[in-house]
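Okay, structure first, notes after.
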Amino acid sequence: MPLQPWMKMLSTDDHLIEHPKLWSGRLPKKFLEAGPHIVEQPRPNGGPPSEVWSYEGRILPLHRAERGGRQEAGGVRR
């Protein structure tokens, strides 16, 4: 049956993001800076900073969909 207007699609592959202090509360002190943690990163357009994961010096985006947000038509995340 095709998706009907009254039906809601659920993705069973999406995940809610872990608590921001999941790793920093468990890692030994010598690994805290390199371990996964959330930092605020300034936006180029001057808007409010965005939260990103920092891990071993790498920056990984934190998408709202992973934080329980919703996805609008056309793939735009809100």
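The values are calculated or read from the model by the stated rules, or taken from the named source; none is laboratory data. All values reported here derive from a predicted model rather than from experimental measurement. All Cβ positions, even for glycine, are placed from backbone atoms using ideal geometry, and neighbour counts span all protein chains on display.
Odds and ends about this structure:
- Taking each residue of segment 1-29 that is hydrophobic (A, V, I, L, M, F, W, C) and looking for partners that are assigned to a loop (DSSP other than H, G, I, E, B) and at pLDDT 80 or above with beta-carbon atoms closer than 6 Å, six or more apart or interchain, yields Trp23/Gly35; Trp23/Pro36; Leu27/Gly35.
- Failed item, numbered, when Ser11 is tested on (1) surrounded by 12 or more Cβ atoms within 10 Å (Cβ to Cβ); (2) assigned to a loop (DSSP other than H, G, I, E, B); (3) modelled with pLDDT under 85: (1)
- Qualifying residues in segment 15-46 (those that are polar (S, T, N, Q) and in a loop (DSSP other than H, G, I, E, B)) - the one nearest to Ile59 (Cα to Cα): Ser24
- Qualifying residue in segment 23-42 (condition: under 16 Å from the mean Cα position of the chain (by Cα) and basic (Lys, Arg)): no
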